[in-house]
Amino acid sequence: MKTMRLLLKYTLTGILACSSLVLLAQKTDLPNVVILATGGTIAGAGASSTGSGYTSGKVTIESMIDAVPNIRNLANLKGEQTANVGSQDMNVKVWLDVANRINVLLADANVDGIVVTHGTDTQEETAYFMNLVVKSDKPVVLTGSMRPSTALSAEGPLNLYNAVAVAASPNAKGYGVMVVMNDEIHSAHDVKKMITTPVQTFMSPQEGLLGTVIFGQVDLFHKPNGIHTVNSEFSIKDVKALPRVDIVYTCADVSPDLIDLMVGAGAKGIVIAGVGDGNMNAGTLEAAKRATDKGIPVVRASRVPIGPVLIEGEIDDKEYGTISSDQLNPQKARVLLMLALLKERNREELQELFINY
């Protein structure tokens with residue numbers, strides 16, 4: 001009996017030890033990815049699978065993860081609900097909260113990558129903000145969906161699967177913040193929402209894709225443009241708010257007093273969504289000059305989706321004190337200007353930022 005008890009004891013000990021080794025192998029063989037959920041259509045639910053109406057942020061992050069077959073074969077996953085809004089309601093506070101959380105997580109040697117689930121309406125702005133303030137070269141990937149979770153052919157689960165694959169890929173290190181949707185990998189610097197509702201909404205029409213990810217198979221083509229992440233000079237440490245920057249959308253016969261009104265309301269910077277090459281009518285140009293004379297930076301961007309705004313093009317930037325947005329669209333130019341205004345800079349220094357970032 002004593003011999004049998006000893007044999008049973010050592011057998012059970014061996015089984016437990018082997019089981020522990022198996023569990024340990026399962027954990028250590030996979031990268032560790034944290035998913036930060038902020039709401040959006042990917043977490044939305046509607047009354048009908050074929051209707052266009054839905055409510056954002058109804059599905060929890062754990063439920064989203066559990067709904068994706070084989071996703072846990074890509075990485076050890078942990079989900080956190082950092083916000084729960086439709087991206088039309090995205091704001092600076094959420095940006096700061098999410099970015100600070102990313103920096104804390106990526107400072108941990110046990111975390112290999114981050115995925116942020118996000119609505120598509122302002123996803124390019126959030127991605128670009130993160131691209132400027134995240135202090136790590138580990139992959140950070142934003143993803144979302146154009147159809148809510150209850151919709152017929154909802155694409156959210158595959159987008160999340162592919163986003164985790166990119167965040168878990170060692171080859172994606174050093175690519176800055178990326179947007180992954182519809183089997184495509186985009187740079188935060190270049191990506192734009194180009195179509196209102198179809199699943200192919202995100203494009204990088206000038207610089208092209210960074211790569212593709214097909215059912216988790218990551219293929220990267222080229223590095224992104226612009227200074228980003230670990231090489232960025234911007235820091236949000238101890239930052240609680242960002243300076244107010246407003247956007248003026250120009251058109252034929254646009255009212256020039258819009259700029260005056262924004263300055264009077266407390267704007268610390270203004271971005272012009274200009275026509276063509278960042279142009280505006282004579283009255284608006286004079287209003288821009290009044291703003292720059294008061295020390296309010298005015299950036300010329302374009303409402304046209306493709307192409308840079310030329311420095312010293314049709315408008316003499318030195319004469320009017322304006323700044324070219326270079327390759328940034330109005331909404332991203334606003335993000336960069338808000339961060340740039342955290343410290344005092346002259347016009348030439350601001351222009352250099354728009355060229356480099």
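The values are calculated or read from the model by the stated rules, or taken from the named source; none is laboratory data. Computed from a prediction, not measured in an experiment: that's the story for all the values here. Reconstructed Cβ throughout: ideal geometry from the backbone, glycine too, with neighbour counts over all protein chains shown. Surface areas here come from the heavy atoms of the whole protein model, side chains and all, with no ligands, DNA or RNA. Shrake-Rupley method; radii C 1.70, N 1.55, O 1.52, S 1.80 Å.
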Of all stretches in the chain that avoid GluC sites (Glu not before Pro) placed in a DSSP loop and having at most 15 other Cβ atoms within 10 Å, the longest is 1-232
Tell me, what HN-Hα J-couplings in whole Hz come from the Karplus equation 6.51 cos²θ - 1.76 cosθ + 1.60 at θ = phi - 60° for each residue of region 342-350, using x for Gly and Pro?
5, 9, 6, 9, 8, 4, 5, 5, 5
Once the in-chain neighbours fewer than 8 apart are removed, the lysines whose Cα is under 19 Å from K192 read K223, K332
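List, in the order given, every pair from K240/K268; K240/K294; K93/K289 whose Cα-Cα distance in the structure shown is over 22 Å.
K240/K294; K93/K289
Per-residue ellipticity at 222 nm for the chain, helices alone: DSSP H runs ≥ 4 residues times -39500 (n - 2.57), over residue total, nearest 500 deg cm²/dmol?
-10000 deg cm²/dmol
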Starting from the amide H of I35, placed 1.01 Å from N in the peptide plane, find each other amide H under 5 Å away whose residue is 5 or more places distant or on another chain.
K78, G79, E80, V115
Could you report the accessible area of K78 in Å², rounded to 10, computed with a 1.4 Å probe on the protein chains as they sit in the structure?
100
Pull out a ≥ b ≥ c, the square roots of the eigenvalues of the alpha-carbon gyration tensor of region 241-357, then state rounded if a/c is under 1.5, prolate if not and a/b is larger than b/c, and oblate in the remaining case.
rounded
Could you name the lysines in cross-link range of K78, using Cα to Cα under 22 Å and dropping any fewer than eight places away on the same chain?
K27, K58, K135, K138, K173
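Give the calculated FRET efficiency between N356 and I214 to the nearest 0.05, with a Förster radius of 35 Å applied to their Cβ-Cβ distance. Please report the intermediate quantities before stating the final value.
Numbers: r = 33 Å, r/R0 = 0.95.
Given R0 = 35 Å and the Cβ-Cβ separation, E is 0.55.
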How far, in nm, would the chain grow between V104 and L261 when pulled straight, counting 0.36 nm per residue and subtracting the alpha carbon separation?
52.5 nm
I need the shape label for region 75-210. Rule: rounded when a/c is under 1.5, else prolate if a/b > b/c, else oblate, with a, b, c from the alpha carbon gyration tensor.
rounded
Once amide H atoms are placed 1.01 Å from N in the peptide plane, what residues at a sequence separation of 5 or more from S302, or on another chain, have their amide H within under 5 Å of its amide H?
G274
Label selected from (1) 26.6; (2) 18.0; (3) 21.9, the criterion being mean projected area of the Cα convex hull in nm² as computed here
(3)
The alpha-carbon center of region 288-357 and that of region 68-143 are separated, in whole Å, by 28
Dipole of region 221-261, Cα-centred, from +1 at each Lys and Arg C-beta and -1 at each Asp and Glu C-beta, to the nearest 20 debye?
420
Kindly write out, for region 146-157 in residue order, the coupling ³J(HN,Hα) from the Karplus curve 6.51 cos²θ - 1.76 cosθ + 1.60 (θ = phi - 60°), rounded to whole Hz, with x marking Gly and Pro.
8, 10, x, 4, 8, 7, 5, 6, 4, 9, x, x
Taking θ = phi - 60°, what integer Hz values does the Karplus form 6.51 cos²θ - 1.76 cosθ + 1.60 yield along region 229-242, in sequence order, with x for Gly and Pro?
6, 5, 9, 6, 7, 7, 9, 10, 4, 6, 8, 9, 7, 10
